[in-house]
Amino acid sequence: MTPPMSNTENGDETVLSVKNLEVAFPVRRGFLQRQVGTVRAVSGVTFDVAKASTLGLVGESGCGKSTTARAILRLIQPSGGKVEICGTDVTHLSERELFPVRAKAQMVFQDPYASLNPRMTVLETLREPLRVHKIVAGKSAETDEVVRLLGMVGLDPSAMRSYPHEMSGGQRQRVGIARALSVRPKLVLLDEPVSALDVSIQAQIVNLLSELQDELNLSYVFVAHDLSVVRHISTEVAVMYLGRIVERAPVERLFEAPIHPYTRALLSAVPMADPVAAKERKRLPVLGEVPSAQYPPSGCAFHPRCAAKRSRCETERPDLTDRGNGRSAACFLEGG
């Protein structure tokens with residue numbers, strides 16, 4: 001069986017296409033730093049993202065979701081597979097050939113302080129990509145464009161004179177978003193963009209991202225571990241475990257009827273505002289810790305932690321297969 005058709009296969013414009021993406025890191029030891037093993041951080045990841053849609057990429061820490069996002073933009077070199085951004089295969093492009101593609105795809109990072117140069121004002125930070133990619137010409141036009149960008153992300157023009165340490169975390173992340181939008185991209189990869197912020201600020205940033213998507217027809221890959229945030233902003237969700245996608249579905253279908261035991265366990269741990277419903281909900285335990293990516297388990301990678309495992313799960317690895325209604329799952333169990 002094959003994975004279900006995504007909305008891009010149904011006629012929508014494909015902005016991002018990832019096919020069998022692989023990222024492996026060598027493990028070196030000793031004085032001569034000889035390679036003694038390999039960590040397969042991403043293994044066979046495949047998905048498409050359509051214009052003006054959002055793919056939520058979720059999973060525990062260490063599952064490979066951030067590595068996937070970085071490999072898409074070639075911040076990490078893929079070991080295999082194919083990545084197309086707006087129809088251009090970027091997998092093996094040189095840095096010079098990548099330059100025009102980088103204006104089409106940008107990233108917003110998790111830590112809004114570490115991702116900004118502490119020695120540059122907001123004006124300098126936002127003016128730099130405008131100059132590098134020749135978006136506008138002349139200092140006056142650059143300043144006007146910076147003012148426009150600040151307004152788009154809800155910041156006063158006076159913020160352009162500030163340094164990162166003079167701003168709050170939410171303000172810094174708005175600057176990071178403005179910087180990503182400065183080159184007018186079609187695709188934005190968001191690597192845990194709200195996890196370092198206060199809860200009240202998280203909601204503001206997520207709402208801002210939704211508004212910008214509607215206004216600019218942006219496509220997002222939203223990397224997160226907070227499933228409530230993912231549900232609010234995503235069109236489709238892909239659940240990763242130990243470098244692989246184990247379930248993919250339209251957002252509401254995944255939350256209403258998850259198939260994979262790992263997805264069910266993640267959803268059972270999402271906090272609920274209603275204390276009565278939270279008390280009645282059955283928690284599904286996940287046994288043990290995430291296995292080492294250097295020494296993955298045989299068969300299904302989740303089987304050592306799965307309460308519903310069968311004997312074949314220990315020896316056979318399930319493929320991501322079509323389960324109907326736009327859903328797919330890598331599991332031998334029937335369900336959903």
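The values are calculated or read from the model by the stated rules, or taken from the named source; none is laboratory data. Just so it is clear, the structure is predicted and the values come from calculations on it, not from any experiment. Here Cβ is always computed from backbone atoms with ideal geometry, including for glycine, and neighbour counts include all displayed protein chains.
For the range 228-250, the tally of residues that are in contact with an Asp or Glu (Cβ under 7 Å, 6 or more places away or on another chain) and surrounded by fewer than 19 Cβ atoms within 10 Å (Cβ to Cβ) stands at 1. Restricting attention to the range 103-155, the residues that are outside any helix (DSSP H, G or I), within 27 Å of the chain's Cα centre (by Cα) and loosely packed, with under 13 Cβ neighbours inside 10 Å add up to 3.
Residue-wise test of (1) modelled with pLDDT under 95; (2) among the β-branched types (Val, Ile, Thr).
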position	(1), (2)
Asp89	no, no
Lys104	no, no
Asp111	yes, no
Ala114	yes, no
Thr125	no, yes
Thr143	no, yes
Leu150	no, no
Leu155	no, no
Ala178	no, no
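For the range 187-213, the set of residues classified as more than 15 Å from the chain's Cα centre (by Cα), touching a residue at least 40 places away in the same chain (Cβ under 8 Å) and closer than 24 Å to Val15 by Cα consists of Leu208, Leu212, Gln213, listed by residue number.
Restricting the range 213-227 to residues that are in contact with a helix residue (DSSP H, G or I) (Cβ under 7 Å, 6 or more places away or on another chain) and not β-branched (Val, Ile, Thr), which is surrounded by the most Cβ atoms within 10 Å (Cβ to Cβ)? Restricting to residues being in contact with a helix residue (DSSP H, G or I) (Cβ under 7 Å, 6 or more places away or on another chain) and not β-branched (Val, Ile, Thr), the top hit is Phe222. Taking the conditions (1) modelled with pLDDT under 90; (2) part of a loop (DSSP other than H, G, I, E, B); (3) of a type in the set (Gly, Ala, Ser) in turn, Gly299 satisfies each one other than (1).
Of all residues in the range 49-62, those being within 21 Å of Ser79 (Cβ to Cβ) and surrounded by 21 or more Cβ atoms within 10 Å (Cβ to Cβ) number 2.
For Arg179, the requirement of being of a type in the set (D, E, K, R) and out of contact with any Ser or Thr (no Cβ under 8 Å at 6 or more places or on another chain) is not met.
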